[in-house]
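Visitor: Submitted below is the structure of interest, expressed as structure tokens.
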Amino acid sequence: MASLEEEFTLSSAVLSAGSEGLLGVEQSSKTDQFLVTDNGRTVILYKVSDQKPLGSWSVKQGQIITCPAVCNFQTGEYIVVHDNKVLRIWNNEDVNLDKVFKATLSAEVYRILSVQGTEPLVLFKEGAVRGLEALLAEPQQKIETVISDEEVIKWTKFFIVFRHPVLIFITEKHGNYFAYVQMFNSRVLSKYTLLFGQDENSVIESFTASVDRKFISLMSLSTDGCIYETLIPIRPTDPEKNQSLVRSLLFKAVVSGNTRHGVAVTVLDQDHIAVLGSPLAASKECLSVWNIKFQTLQTSKELPQGTSGQLWYYGENLFMLHGRSLTVIPYKCEVSSLASALGKLKHSQDPGTHVVPHFVNWETPQECGLGAQNSEQSRRILRRRKIEVSLQPEVPPSKQLLSTIMKDSEKHIEVELRKFLAIKQTPDFHTVIGDTVTGLLERCKAEPSFYPRNCLMQLTQTHVLSYSLCPDLMEIALQKKDVQLLQLCLQHFPDIPELVTCACLKIFLSIADDSLQETDVNMESVFDCSNSVHDEKMEEQTEILQNGFNPVEDECNKCDQELNEEPQAKTKETTSCPVIPKRAALLNAILHSAYSETFLLPHLKDIPAQHITLFLKYLYFLYLKCSENATLTLPGIHPPTLNQIMDWICLLLDANFTVVVMMPEAKRLLINLYKLVKSQAAGKKNPLGNYRDFLEGIELS
């Protein structure tokens with residue numbers, strides 16, 4: 001269930017005189033700090049939790065900032081461009097921008113883009129892209145022209161896909177829109193023409209996008225008040241060819257087509273989007289959250305002072321201009337379910353926020369606004385659609401797909417499936433997906449050499465399937481030891497039995513590192529371990545604040561003395577992650593999976609002791625990394641939580657303590673767990689407290 005919490009004002013005077021909006025709001029190197037660039041001369045660094053500025057920098061009178069300031073996450077420095085070509089770099093200690101590093105470039109800059117895990121990119125107005133380091137090495141280098149004359153960049157977004165940078169930018173020329181996708185690992189630039197539908201005659205006002213393993217989902221909010229979606233392949237079949245993509249209707253009339261002020265849309269997660277604008281021609285502007293999967297309006301908040309039509313989101317905060325003030329509205333988006341989409345889940349709501357379960361009638365077209373449907377007009381449109389369909393002799397794509405999977409090659413099936421998934425979803429979409437996966441699995445059983453893994457992965461990512469609908473899917477994946485598909489199932493299926501979860505865990509722990517290195521798995525939940533290894537020893541945690549309490553030093557003197565006597569080589573071994581990153585990603589999928597402790601414990605006893613020990617070492621490593629952060633969280637997009645880590649440590653000890661305690665190589669790990677118990681003992685509920693006596697015996701021995 002999505003909810004908007006109580007708003008607060010970050011700055012009441014963020015706009016300069018005569019300005020109608022901001023250049024941008026960008027994340028700083030610290031998750032609670034943001035760079036706000038006004039439409040004039042100033043960049044301000046804010047700390048959201050304290051609701052106060054930490055620093056302010058301005059260019060000289062007569063100069064003007066022309067693109068938002070960003071943070072270089074690799075160095076912690078800030079970058080801004082003024083007067084289109086002058087690049088400045090500074091840090092928190094600098095006071096005067098006129099005295100910081102300066103580089104004058106040979107072409108005008110459209111935007112600097114920066115995300116975690118890679119160097120910033122500079123996108124020029126002519127469409128060329130440069131890495132920051134290469135640009136600073138030769139600021140006056142010649143910049144080529146990529147886009148055509150009179151073609152203007154309207155929007156851009158920077159992603160990390162499989163740890164490789166991917167840049168998309170949208171251009172417009174004479175009412176026509178084009179998408180450019182730049183893959184930096186292969187240096188491939190692809191161009192697509194975005195085609196409108198036959199009945200569309202509108203201008204695009206706002207773009208947003210999300211990315212999965214194969215497609216960029218480009219969403220656009222047009223002047224007709226509708227949201228459209230275009231699926232852009234990340235890896236094109238023919239990069240040299242200018243391909244055309246037709247956008248399909250995702251939401252009809254989420255805002256009024258007569259809105260005078262700007263509107264905006266942004267993706268919150270895979271199931272929710274936020275829309276800024278007036279839902280009806282006569283209503284006030286509001287911020288609304290929509291569920292993509294179930295096509296429902298989840299919640300909305302009125303903005304009586306109006307907005308600039310600008311919307312930014314980071315972490316759990318939405319930023320916008322309300323009147324002339326920069327306003328922050330915290331939001332929460334839980335995992336999408338039918339109950340939450342219909343507003344049936346119990347949750348607390350702020351008095352100023354109202355939940356509106358707005359439904360889409362799947363048989364009649366939705367009219368503008370949030371009111372009732374014009375039934376007579378809807379029936380006429382429906383009859384006309386039926387007549388149009390009856391006059392078409394072509395075989396429906398769904399029937400063509402089901403026919404293809406019975407006899408054609410894996411490659412042909414993959415192409416037909418991709419075409420089917422790229423078109424607008426029909427009312428029988430869920431049924432077709434279920435029939436398709438069933439047909440593929442039956443053919444897999446009949447033909448052992450037939451295994452269309454790419455098709456099965458695409459079907460899993462449609463968010464339509466579940467374990468109960470296709471139990472054979474994970475059974476075949478387990479037989480093939482297809483860890484990539486198993487990871488996807490764990491991430492998308494909410495009803496996996498505990499027996500199957502443990503079977504996945506066995507494979508994740510037993511598969512060789514060499515085999516894993518050749519496998520492509522989702523690494524979003526894994527943070528960069530290379531930057532997390534500290535010089536101090538892992539065991540010397542007495543100065544780290546853990547759950548609000550410092551460990552009692554005199555209780556751990558014996559353990560510290562014993563562990564500090566270990567050689568330096570062993571210290572390095574324990575401070576590094578005990579598993580390779582790809583195995584860590586698979587184990588994180590296990591930590592995120594749902595389970596019942598009663599049904600899970602018996603199956604955990606069947607896992608070999610050495611694999612249990614390895615899993616415990618990884619969990620203890622994660623615990624220490626959580627403890628290093630004041631918020632007790634891990635970095636990354638979707639990392640395990642501290643509660644998940646502690647729960648799984650308890651589960652593994654419950655099921656295998658008597659076996660692990662007999663293993664000499666596990667003694668050091670058990671001593672570390674004993675120290676963990678004592679560090680949390682002072683006045684707090686300790687999930688490992690049941691093992692204190694046993695662990696103390698190990699430590700004393």
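The values are calculated or read from the model by the stated rules, or taken from the named source; none is laboratory data. These figures come from a predicted structure and were not determined experimentally. Every residue, glycine as well, gets a Cβ built from its backbone with ideal geometry; the counts of neighbours run over all protein chains shown. Side chains are part of the model used for accessible areas, which takes the heavy atoms of the whole protein and leaves out ligands, DNA and RNA. Shrake-Rupley method; radii C 1.70, N 1.55, O 1.52, S 1.80 Å.
Visitor: Contact list please: Cβ distance under 6 Å, first residue in the stretch 128-150 and on the phi > 0 side of the Ramachandran plot, second residue among the charged types (D, E, K, R) and open to solvent by 40 Å² or more (accessible area, probe 1.4 Å), pairs at least six apart or on different chains.
Guide: Within 6 Å, the pairs are 150/173.
Visitor: Just checking, how many residues over the stretch 154-172 are in contact with a Lys or Arg (Cβ under 7 Å, 6 or more places away or on another chain) and crowded, with 19+ Cβ neighbours inside 10 Å?
Guide: Total meeting the criteria: 4.
Visitor: What do you reckon, is residue 43 within 22 Å of residue 117 (Cβ to Cβ) and either without any contact (Cβ under 8 Å) to a residue 12 or more places away in the chain or buried (at least 18 other Cβ atoms within 10 Å of the Cβ) (or both)?
Guide: no
Visitor: Tally up the residues in the stretch 99-109 that are open to solvent by less than 40 Å² (accessible area, probe 1.4 Å) and under 16 Å from residue 121 (Cα atoms), please.
Guide: Number satisfying all stated conditions: 4.
Visitor: Determine whether residue 55 is open to solvent by 10 Å² or more (accessible area, probe 1.4 Å), modelled with pLDDT of 90 or more and part of a strand (DSSP E or B).
Guide: yes
Visitor: Which residue pairs have Cβ atoms closer than 6 Å, lie 6 or more positions apart in sequence or on different chains, and pair a first residue in the stretch 53-67 that is within 10 Å of residue 92 (Cα to Cα) with a second residue that is part of a strand (DSSP E or B) and among the basic types (Lys, Arg)?
Guide: Hits for this filter: 54/47.
Visitor: Filter the stretch 59-98 for residues that are of a type in the set (Val, Ile, Thr) and surrounded by fewer than 17 Cβ atoms within 10 Å (Cβ to Cβ); which is nearest to residue 135 (Cα to Cα)?
Guide: By that ranking, first place goes to 75.
Yes/no per residue for (1) out of contact with any Lys or Arg (no Cβ under 8 Å at 6 or more places or on another chain); (2) of a type outside the set (Gly, Ala, Ser):
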site: 28; (1), (2): yes, no
site: 46; (1), (2): no, yes
site: 51; (1), (2): yes, yes
site: 58; (1), (2): no, no
site: 72; (1), (2): yes, yes
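Visitor: Kindly indicate whether residue 114 is hydroxyl-bearing (Ser, Thr, Tyr) and touching a residue at least 60 places away in the same chain (Cβ under 8 Å).
Guide: In short, yes.
Visitor: Could you check residue 220 against (1) within 23 Å of residue 461 (Cβ to Cβ); (2) at pLDDT below 90 and say which number it fails?
Guide: All conditions are met except number (2).
Residue-wise test of (1) open to solvent by less than 10 Å² (accessible area, probe 1.4 Å); (2) part of a helix (DSSP H, G or I).
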position: 463; (1), (2): no, no
position: 467; (1), (2): no, no
position: 479; (1), (2): no, yes
position: 488; (1), (2): yes, yes
position: 494; (1), (2): no, no
position: 499; (1), (2): no, yes
position: 504; (1), (2): yes, yes
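Visitor: Does residue 175 satisfy the criteria of being at pLDDT 85 or above, under 27 Å from residue 527 (Cα atoms) and surrounded by fewer than 19 Cβ atoms within 10 Å (Cβ to Cβ)?
Guide: No: the conditions fail for residue 175.
Visitor: Sticking with this structure for a sec: Out of all the residues in the stretch 603-658, which are in contact with a Ser or Thr (Cβ under 7 Å, 6 or more places away or on another chain) and at positive phi?
Guide: 636
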